[in-house]
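Heads up, the thing below is written out as structure tokens.
The values are calculated or read from the model by the stated rules, or taken from the named source; none is laboratory data. Quick caveat, the model's predicted, so the values are computed rather than measured. No Cβ is skipped: glycine too gets one built from the backbone with ideal geometry, and neighbour counts run over all protein chains shown.
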Amino acid sequence: MDVLTRDYGIISVGEESIIRFDDGILGFEGYHNYILLDDGSGGSPFKCLQSMEESSLAFVLIDPFAVKPEYEIELDEELTASLDIRDMKDVVVLSIVVVPDDVSKACFNLKAPLVINARLRKGVQYIVDNDEYKVRHYILDELDKGKRESPTSA
């Protein structure tokens, strides 16, 4: 089927590409079907989650582990049951990114990541029970912190 996207124009997608968020995404609970898009380079940690129901609704996402390797979340039994997670290799975790006019202030949400069962194409926005993680973590600050904390080679 052809889908009009916010950032990529009209693209063709198969039913097997649709990810279902039964509860929607916080603030957008009325939209349930999305597709995950990237620039095709394979090297970028960024992706786009495009609504199938509203062409102007798309979220920029990032792999939180690419920016904050020590990021950890524990998936509770209720979540693993609701997404029918049987093998952790099927789990994809992505964070929503906010990109303001000043791109250097781009931030990502570690408190409420998207957790997706890639095998069944089911997702949920999961609230992490950890006060260390906030709704706004600045990407450049986290990358800079990672450089300072990683050992340097002589």
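Take Ala58 and decide whether it is without any contact (Cβ under 8 Å) to a residue 60 or more places away in the chain and touching a strand residue (DSSP E or B) at 6+ places or on another chain (Cβ under 9 Å). Before the answer, list the steps.
On the way: without any contact (Cβ under 8 Å) to a residue 60 or more places away in the chain: yes; touching a strand residue (DSSP E or B) at 6+ places or on another chain (Cβ under 9 Å): yes.
When the stated conditions are applied, Ala58 passes them.
So is Arg20 of a type in the set (Lys, Arg), surrounded by fewer than 18 Cβ atoms within 10 Å (Cβ to Cβ) and touching a Gly at 6+ places or on another chain (Cβ under 9 Å) or not?
On the way: of a type in the set (Lys, Arg): yes; surrounded by fewer than 18 Cβ atoms within 10 Å (Cβ to Cβ): yes; touching a Gly at 6+ places or on another chain (Cβ under 9 Å): yes.
Yes, satisfied.
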Search result, residues across the stretch 13-30 that are farther than 18 Å from Leu83 by Cβ and either in a loop (DSSP other than H, G, I, E, B) or modelled with pLDDT of 95 or more (or both): Val13, Gly14, Gly27, Phe28, Gly30
Complete set of residues in the stretch 1-53 that are polar (S, T, N, Q) and free of Cβ contacts under 8 Å to residues at least 12 places away in the same chain: Ser12, Ser41, Ser44
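Looking at Val97, is it more than 18 Å from Ser44 (Cα to Cα), touching a residue at least 12 places away in the same chain (Cβ under 8 Å) and buried (at least 18 other Cβ atoms within 10 Å of the Cβ)?
Values: more than 18 Å from Ser44 (Cα to Cα): no; touching a residue at least 12 places away in the same chain (Cβ under 8 Å): yes; buried (at least 18 other Cβ atoms within 10 Å of the Cβ): yes.
No, not satisfied.
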Of residues in the stretch 33-64 being surrounded by 19 or more Cβ atoms within 10 Å (Cβ to Cβ) and over 21 Å from His137 (Cβ atoms), the one nearest to the chain's Cα centre (by Cα): Leu36
Odd one out for Leu143, checked against (1) touching a residue at least 60 places away in the same chain (Cβ under 8 Å); (2) surrounded by 14 or more Cβ atoms within 10 Å (Cβ to Cβ): (2)
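Report those strands (runs of 3 or more DSSP E) wholly inside the stretch 35-154 carrying at least 1 residues which are among the hydroxyl-bearing types (Ser, Thr, Tyr).
Hits in the stretch 35-154: 46-51, 91-98.
So that you can scan it fast, the table gives a plain yes or no per residue for (1) among the hydroxyl-bearing types (Ser, Thr, Tyr); (2) under 20 Å from Asp7 (Cα atoms); (3) crowded, with 16+ Cβ neighbours inside 10 Å; (4) in contact with a helix residue (DSSP H, G or I) (Cβ under 7 Å, 6 or more places away or on another chain):
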site	(1), (2), (3), (4)
Val67	no, no, yes, yes
Glu72	no, no, no, no
Thr80	yes, no, no, no
Leu83	no, no, yes, no
Met88	no, no, no, no
Lys105	no, no, no, no
Leu110	no, no, yes, yes
Leu120	no, no, no, no
Ile139	no, no, yes, yes
